[in-house]
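Worksheet: one structure, shown below.
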Amino acid sequence: MTDIEFFKDGKRIDGRTYDQLRPMEAKAGVLKNADGSGYFRFGNTIAIAGVYGPREVHPKHLENPKEAILRCTYSMASFSTTERKRPGPDRRSIEISKVTTEAIKPVLFLEEFPRTSIDVYIEIIQADASTRCAGINAASIALADAGIPMRDLVASASAGKVAGEIVLDIAGKEDTEGEVDLPVAYYPKKNLVTLLQMDGKVSFEEFEKIFDLAVNGAKKVYEVQKKALKDKYKEEVVE
Ligand code: UDP
């Protein structure tokens, strides 16, 4: 148990209400050298994604004659955490790369590009919880920015339980001292959840509340992602 005071006068440590996301910021086309790129920020969590492809597959034996292969690689920069993060893949980043790939795959028309790969590199520049959600959000923007045919964007957010209360988008001390964290990725046009993970224990009723809150958060993220893409093209017209 902890003696931190998580709630005061209906507000959280950082001043948010229980169902409020951290301030969001999103941009499309932030990298010059990738085919498409995206930036997404939830408070102090910042992700950048770069997309290459559809392109020739290396190693060749991974080629699929029926469709493109999607490979998402999640990585945390050494300077992204309070303690220096050892560079290179570890168990956690391999897991997040896999679930990110699975979360995004359903929205892509992979069948249009057989024998190719679409590679998405996600870099967490600054980490303060929900980095996998921020990474998915940046990756979706980057794929759209690369002109990859998509059925929809995938939007992601997490909700959880802190000191007995159900809250949206846990961060800071809520993350390190919280009880439950439940990230979801959401495919809005089909009302489909493409990622659902949870650590900690809750009752089924609480699970439903946390889940609904996370999906509602993802719906707000979706609006921010769409705006980022529209803004990029608005700027291009003006130029
Ligand atoms: N974290 C860290 N070092 C690590 C892994 C995680 O400092 O090597 C922190 C980071 O702030 C991250 C948080 O712990 O956002 C929660 O990590 P988790 O594995 O739950 O994934 P996330 O919530 O970032 O998707």
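Since every read-out is calculated from the coordinates, none of them should be taken as a lab result. All values derive from a computational prediction rather than experimental measurement. Note that we place each Cβ from the backbone using ideal geometry, even for glycine, and neighbour counts take in every protein chain shown.
Some points to look at:
- One residue stands out among those in the range 40-53 that are surrounded by fewer than 21 Cβ atoms within 10 Å (Cβ to Cβ) and not small (Gly, Ala, Ser): the one that is nearest to Gln225 (Cα to Cα), which is Asn44.
- Residue selected from the range 179-206 under the condition over 20 Å from the mean Cα position of the chain (by Cα) and not hydroxyl-bearing (Ser, Thr, Tyr), by the criterion nearest to the ligand (Cβ to nearest atom): Gly200
- Filtered by the rule that a residue be in contact with a Phe, Trp or Tyr (Cβ under 8 Å, 6 or more places away or on another chain) and either within 15 Å of the ligand (Cβ to nearest atom) or assigned to a helix (DSSP H, G or I) (or both), the range 49-71 gives a lone residue, Ala49.
- Of residues in the range 72-112 being small (Gly, Ala, Ser) and part of a helix (DSSP H, G or I), the one surrounded by the fewest Cβ atoms within 10 Å (Cβ to Cβ): Ser78
- Of all residues in the range 132-139, at least one satisfies being more than 9 Å from the ligand (Cβ to nearest atom) and either in contact with a Lys or Arg (Cβ under 8 Å, 6 or more places away or on another chain) or farther than 25 Å from Phe207 by Cβ (or both).
- When the residues of the range 140-152 are filtered to those that are surrounded by 24 or more Cβ atoms within 10 Å (Cβ to Cβ) and hydrophobic (A, V, I, L, M, F, W, C), the one that is farthest from the ligand (Cβ to nearest atom) is Leu143.
- Residue count for the range 160-176 under the criterion of being within 12 Å of the ligand (Cβ to nearest atom) and in contact with a strand residue (DSSP E or B) (Cβ under 8 Å, 6 or more places away or on another chain): the result is 6.
- In the range 1-45, the residues that are more than 25 Å from Ser80 (Cα to Cα) and in a loop (DSSP other than H, G, I, E, B): Met1, Thr2, Asp3, Glu5, Asp9, Gly10, Thr17, Tyr18, Asp19
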